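The numbers here are math on the coordinates, done by the rules we state, and not lab data. The shown structure was predicted, so the numbers you read here are calculated from the model rather than taken from an experiment. Virtual Cβ from ideal backbone geometry, glycine too; neighbours counted across all protein chains shown.
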Amino acid sequence: MSYKVLDLFCGCGGLSYGFTEAGYNVALGIDNWKDAIETFERNHQDSKGIVSDLFNESPKFIAEKTGLKKVDVIIGGPPCQGFSIAGKRIVDDERNKLYKSFVSFVDFYKPQAFLMENVPNIVSMGKGIVKDNIIKDFESIGYKVVYQVLLASEFGVPQNRRRAFFIGLKSGDEFSFPTSVSLNGNRVSSYDAISDLPDLSIPDGSKYFDSPKSEYQMKSRQNSKGIHNHELTNHSEKTVDIISLVPDGGNYKDLPIEFQKTRNVNIAWTRLNSKKPSFTIDTGHRHHFHYEFNRVPTVRESARIQSFPDNFIFKGSKTSQYKQVGNAVPPMLAKHLAVQLKKYLNV
């Protein structure tokens with residue numbers, strides 16, 4: 001049985017990719033960002049992607065526009081800028097219209113289940129008021145909701161990325177989150193993820209230079225004929241000189257005092273640690289550097305750290321690609337959730 005999925009605020013499709021890998025049929029992905037939808041359609045060839053502003057377009061309009069009348073699961077990560085408003089109902093804040101749109105789609109389609117993803121501190125905002133209101137909003141339309149903050153590195157992703165997931169079931173059953181798959185605390189390291197990728201810009205589709213050095217790299221290369229999205233960033237000579245002073249796994253504290261304040265952010269001059277999972281891959285800020293080379297990771301290296309396979313190709317400008325990668329849910333984590341969710345769905 002292939003369950004039909006609607007992905008709202010889909011971005012480039014990290015969540016969708018995980019669900020597809022778990023055997024679901026992602027019928028439709030919606031986002032208001034054209035580049036992300038181009039990437040989505042390139043990598044989800046059995047799915048339709050549409051550029052649409054869910055701030056203004058209703059579920060009924062989308063259903064009529066796309067012909068999508070029924071779905072089994074709705075997934076997505078609505079932007080929640082207004083969720084920091086503590087002490088009053090979150091739905092009263094204009095900026096939460098996108099979150100309300102997600103709720104309205106669940107109410108309209110009444111799927112068997114939904115999965116909503118967000119930043120981890122959504123659970124503690126307003127001393128729990130935000131989280132409580134999210135649960136209430138979905139309970140009021142007939143769903144039994146649970147939430148949990150998951151750490152991606154516990155599910156085979158080479159990254160210590162924390163995300164909050166709210167999962168609701170129409171049946172009234174209570175979803176039980178999957179448990180860590182990291183045996184004996186073994187996590188995939190940055191070295192395991194990207195050590196086979198060269199320190200030079202190469203044309204898209206270039207053949208691999210090295211044999212895979214880890215099981216993770218072998219898995220990443222499956223169904224891929226070469227390397228894509230691997231264009232190096234050119235830093236100034238001064239930046240390269242400063243990066244070179246930071247050891248593997250180090251940060252600004254390892255620099256001579258005169259360089260420590262050259263970037264006034266606490267994550268500045270941070271190198272990946274080759275022996276550990278990466279810190280959270282962001283949307284392209286230039287403060288995080290390769291554990292060995294004196295540069296920021298390429299889009300492909302960032303995608304590997306996010307657990308995208310090498311045959312997942314990003315479209316748009318390099319800046320846009322970085323943002324697409326950084327905004328995504330790691331597909332490998334999404335797949336674990338999707339596999340677990342199947343246990344609760346009816347044929």
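Quick look at the numbers
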quantity	calculated
Cβ-based net charge around E41, under 15 Å, with every Lys or Arg adding one and every Asp or Glu removing one	-1
Residue order, fewest to most surrounding Cβ atoms within 10 angstrom, among R221, R304	R221, R304
Residues D173, D46, sorted so that the one with the fewest Cβ neighbours within 10 Å comes first	D46, D173
Virtual paramagnetic centre 7 Å along Cα→Cβ of S171, amide N under 18 Å, in the stretch 56-71	71
MRE, 222 nm, helices only [DSSP H, n ≥ 4, -39500 (n - 2.57), over the chain, to nearest 500]	-8000 deg cm²/dmol
Size of charge dipole - the chain - debye, nearest 20, with Cβ of Lys, Arg +1 and Asp, Glu -1, no other charges	460 debye
Shape box of the chain [Cα atoms, principal axes, largest first, Å]	57, 47, 42
³J(HN,Hα), Karplus 6.51/-1.76/1.60, whole Hz, each residue of the stretch 97-102, x for Gly, Pro	4, 6, 4, 5, 4, 4
DSSP beta bridge pairing in the chain, given as percent antiparallel to the nearest 5	45 percent
V26 long-range amide H proximity, modeled H, under 5 Å	V5
About the Cα centre, charge dipole magnitude for the stretch 196-347 (Lys/Arg +1, Asp/Glu -1 at Cβ), debye	640 debye
F289 long-range amide H proximity, modeled H, under 5 Å	T270, R271, L272
All aspartates and glutamates inside 19 Å of K34 as judged from Cα atoms, apart from same-chain residues fewer than 8 positions distant	D7, D46, D53, E57
Cα gyration tensor, the stretch 259-347 - rounded (a/c under 1.5), prolate or oblate	prolate
Under 5 Å, built H, 5+ apart or other chain: amide partners of Q159	S153, S278
Three-way shape call for the stretch 283-325 based on the alpha-carbon gyration tensor, with the a/c threshold at 1.5	oblate
Of S52, S101, S244, the one that fluctuates the most in a GNM where the chain has Cα springs shorter than 10 Å	S244
Solution diffusion estimate, µm²/s, Stokes-Einstein, the stretch 154-250, Kirkwood Rh from C-alpha pairs, 25 °C, viscosity 0.890 mPa s	142 µm²/s
Debye, to nearest 20: dipole size of the stretch 154-257, +1 on Lys, Arg Cβ, -1 on Asp, Glu Cβ	320 debye
Prolate/oblate/rounded label for the stretch 205-254 (Cα gyration tensor, a/c 1.5)	oblate
Helix axis angle, 34-43 relative to the chain longest principal axis, alpha carbon, degrees	90 degrees
Under Karplus coefficients 6.51, -1.76 and 1.60, residue-wise ³J(HN,Hα) of the stretch 212-226 in Hz, glycine/proline x	x, 9, 7, 4, 4, 5, 4, 5, 4, 7, 3, 6, 10, 8, x
Which of H228, H287 has the fewest Cβ neighbours within 10 Å, and the rest in rising order	H287, H228
Theoretical FRET efficiency, 1/(1+(r/R0)^6), r = Cβ-Cβ of K34 and S140, R0 35 Å, to 0.05	0.50
GNM flexibility winner over the chain from K136, K238, K253 (Cα, springs under 10 Å)	K238
Gap separating the Cα centres of the stretch 97-134 and the stretch 158-221, nearest whole Å	26 Å
